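Note sheet for the following structure.
The values are calculated or read from the model by the stated rules, or taken from the named source; none is laboratory data. Bear in mind that the values here come from a model prediction, so they are computed numbers and not experimental data. All Cβ positions, even for glycine, are placed from backbone atoms using ideal geometry, and neighbour counts span all protein chains on display.
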Amino acid sequence: MFFAPTGASLPTFHNLLDELGIPDHRLARHLGVSLRTFQRYKATNNPPKVVCLALWVETATCYRTFDVTLQNEIAHHSSTVRTRDRQIAALLGHIHALEAERAVGEGYSANSPFFRLGAS
């Protein structure tokens with residue numbers, strides 16, 4: 001699953017720099033480029049997309065995106081677990097009813113229907 005923004009939804013280079021608020025020399029070292037190259041990116045406002053993505057991953061916006069996605073995944077899986085629990089409870093109810101019917105044993109022939117639709 002991809003979380004990184006694409007195309008127009010990726011913040012501009014200057015917005016990323018403003019959000020991070022880290023000195024240029026530290027960002028250049030983090031990105032593995034020279035300070036001069038980083039300053040050229042900044043002056044032209046045209047860095048490679050991979051640079052913007054690398055900076056985006058370090059922003060609070062990125063962490064909020066991951067948090068929201070994680071919360072949505074947790075809610076989805078919790079709902080699935082509750083649904084399965086209800087299904088298991090219903091099936092256990094059917095099993096107990098069938099076991100009780102079988103335990104009685106009187107009044108039923110050997111070929112009587114074991115499952116009775118609508119009976120609980």
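Considering every residue within segment 103-115, establish whether at least one is surrounded by 11 or more Cβ atoms within 10 Å (Cβ to Cβ) and at pLDDT below 80.
There is at least one residue in segment 103-115 that is surrounded by 11 or more Cβ atoms within 10 Å (Cβ to Cβ) and at pLDDT below 80.
Looking at the structure I just gave you, is E73 under 23 Å from L17 (Cα atoms) and charged (D, E, K, R)?
No; evaluated as a whole, the condition is false for this residue.
Could you tell me whether any residue of segment 69-84 is surrounded by 11 or more Cβ atoms within 10 Å (Cβ to Cβ) and in contact (Cβ under 8 Å) with a residue 24 or more places away in the chain? Walk me through how you get there before you give the answer.
Filtering segment 69-84 for residues surrounded by 11 or more Cβ atoms within 10 Å (Cβ to Cβ) gives 69, 73.
Checking the rest, the ones that are also in contact (Cβ under 8 Å) with a residue 24 or more places away in the chain come to 69.
Yes, there is a match, as at least one residue in segment 69-84 is surrounded by 11 or more Cβ atoms within 10 Å (Cβ to Cβ) and in contact (Cβ under 8 Å) with a residue 24 or more places away in the chain.
Taking segment 29-82 on its own, how many of its residues are more than 18 Å from the chain's Cα centre (by Cα) and among the aromatic types (F, W, Y)?
3
Please go through segment 23-47 and pick out each residue that is modelled with pLDDT of 90 or more, within 30 Å of T69 (Cβ to Cβ) and surrounded by fewer than 13 Cβ atoms within 10 Å (Cβ to Cβ).
R26, G32
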